[in-house]
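Single-structure report; data block below.
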Amino acid sequence: FVHDENIVGVTTDRKMEAIMEEVKPELANAILLSSLDDIAWATNLRAANDIAYSPVFVAFLYIDNERRVLFIDQEKITDEVKAHLQKYHIEVQPYDSVTGFVARGIYDHVGCAVVFGGSAVAKLKSIKNDSMIRSIRTAMLKDGVALTRFFMLVEREYPKGELTEIGLARELRRLRLA
């Protein structure tokens, strides 16, 4: 699904432009992201069922100044995600085609050099804008209310001796989702 840009506060275009600005000092003119959380962050996309208990999805993302390619299994793409990718001019290619794409890219360009290093995205992800800070504060307030209600329930119900770990986990989840 598409992560709401009103919550994130930064468009996919701006994130990809910032990534390219970060790799320029390394004399790189393109980047292939393989870190799943970096890909989710850069595209403002999340998944519900690709990896159990995780909002990321299995993919690779290639970015240069003129081209953006997401290597992902096509059946994972909903109409909403497809529209989002088209809006930001992100091509979709089969996940398994990334090896051939990279091999052709490196060997078809004379003077092309591979640069290895830390992710330029990690630094960018660590910078929070006003919209993100507001969203974090709201989430923390809501979670604080849920935890307070949970602790009150435990104090009230503990003397009865009927609490179980599974029951408490379910109740905490219910309160957090309320």
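The values are calculated or read from the model by the stated rules, or taken from the named source; none is laboratory data. If you're wondering where the values come from, they're calculated on a predicted model, not measured in any experiment. Using ideal geometry, Cβ is built from the backbone for each residue, glycine included, and neighbour counts are taken over all protein chains shown. We work out accessible area using only protein heavy atoms, side chains counted, and drop any ligands, DNA or RNA first. Shrake-Rupley method; radii C 1.70, N 1.55, O 1.52, S 1.80 Å.
Can you tell me which of (1) within 15 Å of residue 33 (Cα to Cα); (2) at pLDDT 85 or above; (3) in a loop (DSSP other than H, G, I, E, B) is the one residue 70 doesn't meet?
Unmet for residue 70, out of (1) within 15 Å of residue 33 (Cα to Cα); (2) at pLDDT 85 or above; (3) in a loop (DSSP other than H, G, I, E, B): (3).
So which residues in the stretch 34-59 are acidic (Asp, Glu) and open to solvent by less than 30 Å² (accessible area, probe 1.4 Å), if there are any at all?
Going residue by residue through the stretch 34-59, those that are acidic (Asp, Glu) are 37-38, 50.
Of everything in the stretch 34-59, just one residue is acidic (Asp, Glu) and open to solvent by less than 30 Å² (accessible area, probe 1.4 Å), namely 38.
I'm told residue 163 meets every condition in (1) in a loop (DSSP other than H, G, I, E, B); (2) hydrophobic (A, V, I, L, M, F, W, C); (3) at pLDDT below 85 except one. Can you identify the failing condition by its number?
(3)
Is at least one residue of the stretch 29-40 modelled with pLDDT of 85 or more, in contact with a strand residue (DSSP E or B) (Cβ under 6 Å, 6 or more places away or on another chain) and closer than 23 Å to residue 135 by Cα?
Yes, the stretch 29-40 contains at least one residue that is modelled with pLDDT of 85 or more, in contact with a strand residue (DSSP E or B) (Cβ under 6 Å, 6 or more places away or on another chain) and closer than 23 Å to residue 135 by Cα.
Tell me, please, whether a residue that is touching a residue at least 24 places away in the same chain (Cβ under 8 Å), surrounded by 16 or more Cβ atoms within 10 Å (Cβ to Cβ) and polar (S, T, N, Q) can be found in the stretch 23-33. Quick ask: steps written out before the conclusion?
Step one: list which residues in the stretch 23-33 are touching a residue at least 24 places away in the same chain (Cβ under 8 Å), which gives 23, 26-33.
In the following step, the residues that additionally are surrounded by 16 or more Cβ atoms within 10 Å (Cβ to Cβ) were identified as 23, 28, 30-33.
Remaining after also requiring polar (S, T, N, Q): none.
Scanning the stretch 23-33 turns up no residue that is touching a residue at least 24 places away in the same chain (Cβ under 8 Å), surrounded by 16 or more Cβ atoms within 10 Å (Cβ to Cβ) and polar (S, T, N, Q).
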